Structures are given as structure tokens and as C-alpha cells.
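The values are calculated or read from the model by the stated rules, or taken from the named source; none is laboratory data. The structure presented is a predicted model; accordingly, all values stated were derived computationally and were not measured. Glycine gets a Cβ as well: all are built from the backbone with ideal geometry, and neighbour counts include every protein chain shown. The accessibility values were calculated without ligands, DNA or RNA, using every heavy atom of the protein model including side chains. Shrake-Rupley method; radii C 1.70, N 1.55, O 1.52, S 1.80 Å.
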Amino acid sequence: PPPPPNRSECLGSRSAGNPNNLPDGCFCHEGFTGHDCSLRVCPAGKAWADPASGNQTAHADGTECSGMGKCDRKLGQCVCRAGFEGAACHRLTCPTGANSLGIAETCSGHGRCMNMLEVGAYVDYDTYYTSVAYSNWDADMSTGCVCDKEWEGFDCADRKCPWGMDPEVSGWVDEIQLLDCTCHSPCTGGITLEYRGQSTRLLPHNAGENAVETALKELPTIEDVHVSIGGGNGKVCSHDGSVTQVTFLRDLSRQSAYRTLGVNSTYLTTAGTKSAAVVAGGGASTINTGLNSVVSTKVMLECSGRGTCNAGNSNTGECTCYGGYHASDKRNQYPTKEHNYKDCGYERLDYNWTMGGFPDITCPIVAPQWGGSASICGGVGTCANKVCTCNAGYEGGACEWLSCPQGTAWWDRPTAPTVGHALAKCSNRGKCYRKTGLCACEELFADSATCSVMGCAKNESYVCGDKGVCMTMNKLATYATTAQGEATDYNYYKSYSTWDANKIQGCYCRKSMSAGSYDWLYTDLADGGYYTTTFNTYRGYYGRTHTDQIGYDCSLMECPRGDNPDTPGVNEIQRIHCSAMAGGFYLRFRQNTSEFINWFDPAPVVEQKIEKIISIGNVTVSFTNDTLSSTGGHGSGKGICNASYADIEFFSELGDLPPLTVYGSTLQGKKGWQAAIPKINITELQAGTRENVECSAHGYCNEDIGMCTCDNGYFSSDGQGGLGHRGDCGFKYSETQAFLPVEEGE
């Protein structure tokens, strides 16, 4: 028959006279899934929280909804957990805040949302000068705000205050850079100068000091410079060489380190020799070797270190100057009409420094913003050389603020391809209230005082819906298993690439073994706690309907899995060879251990003890060479270590299974046996090939209740194709006769 439109291509074909030659299954078109291709696939990305898949390896790619959303199978769309966004829930939602109109907006309407990859590549020649190609697992997942020039804070909601030089720090020097330019006569054309990504208009080769200075001041990245030219009759480029000295009087950037001017001499033409180069960093001119460039010693501080920014959390972007200080011209002089920066960078000459009972004290005397009376350095710092050194937990030029705690940043600008996430106040995911020294964390990160831990999802007001345990990535790694369900020794600890080891948390949902519910010791699963938590995983009236809780909040349930009755397969058989005359051993399967098995236990007893392992449901145990009694003599009740071998066939655990392993053996052989001869070993006699698929590939899984709705003609099986209580749609009615539709014209 033709496939359902845009859904599937059914495998197999109808043979003449054989209406029951049904297809084995459906090969779904891209974007569709389910046993009949009636469901839609949701977008996938890297998992936010998952057990490690190798040492220092996690965040598996191809995870539907990135493990932080629920898939709407009708629409093929992810419904993301709060705090995550994107088609695959693969991005953290950028911080939001009130914009100038009081309306909530991304980055408060005063910045741009960028991921780590984008901010690493971003260059604005103000704060970010060079690009970094960030390549860690979270490159396109961790997001944050790059604020506009007048704004700051993790959400760009805080106004910046002016920055300037501390007027009590003397001896600073200006940045001086030198331009060496030679152009042999006849010379035509000119040069352009560049600073922090902005270029001047073309300067003629014979431009003088005023023309060069004016052109530089026209750049939006330069505040104020002074230009002087030595040699060449005052021309910027000359036959014998000119040295142009550029002195930076004031700068727009908060950063103390100046960028080096650039020069482009492409448009400078001559029949002879030409050269143009900028000298900085203390180097000497190549034309006038007695003239050196100078490195600035100016240090820029908020409110020049002599005022309080946004006093009382006013968010005006204004400095409230300490007593004795005033706005400056950004060179520690009284402000002019042209240069008034309101930065508290001028020391008032008319101030009475002995007032208030504090004789000849030059450190600030202010009342702390967090409360209390006025005192030197807020009473929580020491004064030396006119500068307050604050005690731990306090900050500000007068120690007037309380410090907020720091944590590993969720987002910041990387410094190398695999290096980012430095320490930041409130981990860059919360607002720092300096009057209290506390962080107001976003809801997703509210589980710690530093906003440094991603909380687990809640369901019905309970963490993980009270159906799982909240674990860090470091802890989740200890519960990693192979594809066959065997435990691993993988680890995931903090490093540059695994910065999230103790920060990201996820729900480790209740797990069901084959046979039923079981207990988890709470102390084994999380830090603290001294009680046992019983996790009931029973799903319904089927005796074997016990399945895992799933979902980022453990609110969903897996459906029973079983063998497809329309495909052939065999059970797993494992063989035990044991030779001993005393002692015994334990058997382990998928991290669970049997009762002690004696060397003389007969097949029915061994079978009973194996079936008591909670990760095993139904097996049969058979001995070959039935010649020894349960006490070691000859007879029908042989012991496991006196038979030639014991075969264990698995009926409830399907597929290629991990091997049983021996644990705690006390077996002893006959006297005189070589010690090196193994007394017991286990091999795989027959690999299981029965599928272990959801609803046996013949039903629809309702994850809300963890039960299968089977196709017509199929019902719950016993795992072997017979009618049973597995709840898996693995039983096919023998009396059911299915007919294929007849196409038109047949």
C-alpha cells in the first residue's frame, strides 16, 4: 500500500494470495516518529544535565529539547522549562529587567543578548578589543547581556557613573605615542590614523599639528588629545622624517591601558622611500632616538574613588562626592564649561579638613550606605596614604557598601577558546544589592546565595516532583551506565571545559528494575540525609508494569518495553562453569547482588536466588551432567559447582545483556589443585536478540500514566510472545486476521 502522506514508508510488500504478509514496521520520514509514524519529533540539542558518557564528557548531543523541555508530539515543538528558550530549549533565557518605560524587556532594553560564542567574537574597541573563538560545550547555550555604554549590571538595568582619577594620587603621567613618518620628495597623498576601530579622514602629507589634532578629536573613540610635530617644518610627513607626538589628555574608556594608534600609509605616494609607524609602550622614535613614548600611569576609578555611585540605590548614574571633593575636568582640576565630568576628581581648596572632630584626616568620612554614623572609612577600613583599605566584605572608596558574594559566572566574555566563566558578583545571574550585600538571584539560580547553582525543576511544588533526586553534574556522573545498564567509573569534576560540574543540577528520576519498585538510600544519592526513600514505580494493574520516571522534572513515565512479536529473536543465555568443594559466591547483575549461593545449591535454589535480584525478573537455570547430589555425592540434586556447567536463560530481560559477575567468592577447590586454576567463570552462550522496545513497537505510549495503548490485535505479553502482564503490546492474537487494502483497479 502507499505510505501515509508525508508520514512513512512501510517496509515489506503484499504477496499474491497472502493477505497476512504484513510489513515489519515503518520507516518514518524526517520529523516523524512512533511505531506508525503518527507522532512528530521535536528539535534536539546538547543535554543541559545528564550522566557522563566518559571521563570529563557529558552534555550528549541529539537530546530532544536538550533535556529542559517537554515534546508536544502533535506539533513537534518543545515546551521549554522556565529559564530556557530556543527551538530545542538549548539556550538560557537572557536576563530581563524594566526598561525606561518600566516594561520588562530583555537586557532591560539597554543591551544585547549574546551567547558565549558571540560575545567572544564581539569587538567594540571600548571594552572588548580582540576576538576569542570560544569552543566549550556551552558556546551557543550560555547567554548574557552586553550592555550599552551608559548601562551596566547583569541585566543592564543599572546606570553607570562617571569614572576619573583619584585626586589624592599624585605623580601620574599622560600616555604619549609617537608617529614616525618619512616620505621622500616629491610626496603626494596622505595618511589616516586609527584608534579603537575608528579612522580619521585622509590627512595630507603636509598636514600640520592643528589639522592632525582636530582629525583625532573628531573620532568618537577619542576624548581629548594634544598634538605636536617635531622636524619636517611642522608637517606630519616629510622628506627627512617627522615625529608627531600625540598626548592623550583624557580618555573615554574606563580601562587604564591605552590602545596603540594605527596608521595607514596606503594613500601616501612617492618615487622614493616612504614609511609610517606608531611607537608606543615606552619605545623610542626611529627618527629622533632621543624621544621616547610614555606609558600612562593614570588609574580610572568609579567616581574617582572619592564619591558614592547611585547613593541609596537611586540608579541616577550620578556620583555623590565625599566631603571635600567636587566634579573635575578629568585631570584633577576644577571643571570647565567644556570639561565637566561630575566625577568627584577635584579636591576642594575651601574644605575644612579638621571639621567634625577629625583633625587632618584625608580619608573619606561618610555614613555607610548600609547604616550607621559617619566615620573614617565607614569604620570598617583602615586609612593610609589618603586611601581606604576596606575590611573583607566591604567596598567603595569610603567602604560605604557591603560586598555581594561571588561565584563562577554563568556567562562572561571568554579569555581563551576553552577559558571563560570567571568569578563574578552574584555569578552574573542576580542583582547585587550593595546596601545589604545580598544577591537577588533569578528564579532558576535561586538555590544558592551566590546564584551559582542551577536549581532542579519542581513539579507540584516538589523538587523533581518528589519522584527523583536533584544532583549536580559531578554527582550524576557517579550514576552513569553503559548502553547495557552496567555501572561505570566515569567522573566529571571542575576544569576549564567542565566548569559546570558543581553548578548545573538535574533530576535523577526514580529508576525501575525489571521486577518492580525498589529502595534508594538517600545518603547514597545526595549530600546529607539519613533515611531511606522508597520509590514506587508501579504503573497500573499489570503485574510487571514498573517503569522509570522520566522528564526534566520526573513528571513523566516510561512505558513498558518488550519484544516485537512480528520479528524473530532469541533469549540471552549465560553459562557458569564452577569447580569447588566448599564455600560459595554472590552474583551481580546491573549493580544488584543476589543472596549467597552455596557451592552445593541445586538448580531450583540457584534459580530462586537469581530471581531475587531486583534487576532480574524471570530466568531458568539448568545443569548439565546431572550426576551429583546437593551435598557433593551422586544423584539428581546436583550442586552448581559440581555440574559440568549451569545455563541461565533470561526471559524477562531482553536484548544483548551484560554478563553476570561473581562477587565475594569464598570457593575452595580440592587439596592439591593449582591455585591459578579459576574456580568459577561466566561466559555468554547465546546473545539475546529479542527487541526491548517501547510498547513492543505495536502501541502508543501515554507518558502521563506510563501505559501503552496497543494496536488492534495486540495485547500485553509475558515477554516471550505469550499473553501476560508485561503491559508491552508484545502478544499478538493468533485469531486476528489482518487484511491489506485493495488498491483501485485490482
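The numbered conditions (1) touching a Lys or Arg at 6+ places or on another chain (Cβ under 6 Å); (2) over 30 Å from Gln198 (Cα atoms) are all true for Tyr125 except (2). When Lys149 is tested against (1) of a type in the set (Lys, Arg); (2) closer than 21 Å to Arg196 by Cβ; (3) touching a residue at least 60 places away in the same chain (Cβ under 8 Å), only condition (3) is not met.
If you check Ser265 against the conditions, is it crowded, with 17+ Cβ neighbours inside 10 Å and at pLDDT 95 or above? Answer is yes for this residue. None of Tyr125, Tyr134 is open to solvent by 50 Å² or more (accessible area, probe 1.4 Å), aromatic (Phe, Trp, Tyr) and in contact (Cβ under 8 Å) with a residue 60 or more places away in the chain except Tyr125. The residue of the range 465-474 that is most open to solvent (accessible area, probe 1.4 Å), among those that are closer than 20 Å to Asp500 by Cα and assigned to a helix (DSSP H, G or I), is Asn474.
Listed conditions (1) open to solvent by 50 Å² or more (accessible area, probe 1.4 Å); (2) under 41 Å from the mean Cα position of the chain (by Cα) are all met by Cys303, apart from (1). With respect to the conditions (1) on the phi > 0 side of the Ramachandran plot; (2) without any contact (Cβ under 8 Å) to a residue 24 or more places away in the chain, Cys156 lacks only one, and its number is (2).
Just need a number here: residues in the range 259-282 that are part of a strand (DSSP E or B) and under 20 Å from Arg196 (Cβ atoms).
From the range 259-282, those part of a strand (DSSP E or B) are 262-264, 268-270, 274-279; that's our starting set.
Checking the rest, the ones that are also under 20 Å from Arg196 (Cβ atoms) come to 262-264, 276-279.
Total meeting the criteria: 7.
Scanning the range 618-629 for residues that are modelled with pLDDT under 50, among the polar types (S, T, N, Q) and open to solvent by 50 Å² or more (accessible area, probe 1.4 Å) yields one hit, Thr627. For the condition at pLDDT 95 or above and either farther than 26 Å from Thr482 by Cα or touching a helix residue (DSSP H, G or I) at 6+ places or on another chain (Cβ under 6 Å) (or both), Ala60 does not qualify. Annotation note: of Tyr341, Tyr351, the sole residue that is part of a loop (DSSP other than H, G, I, E, B) and farther than 23 Å from Glu150 by Cα is Tyr351. Listed conditions (1) within 28 Å of Tyr346 (Cβ to Cβ); (2) surrounded by fewer than 22 Cβ atoms within 10 Å (Cβ to Cβ); (3) of a type in the set (Phe, Trp, Tyr); (4) within 41 Å of the chain's Cα centre (by Cα) are all met by Trp172, apart from (4).
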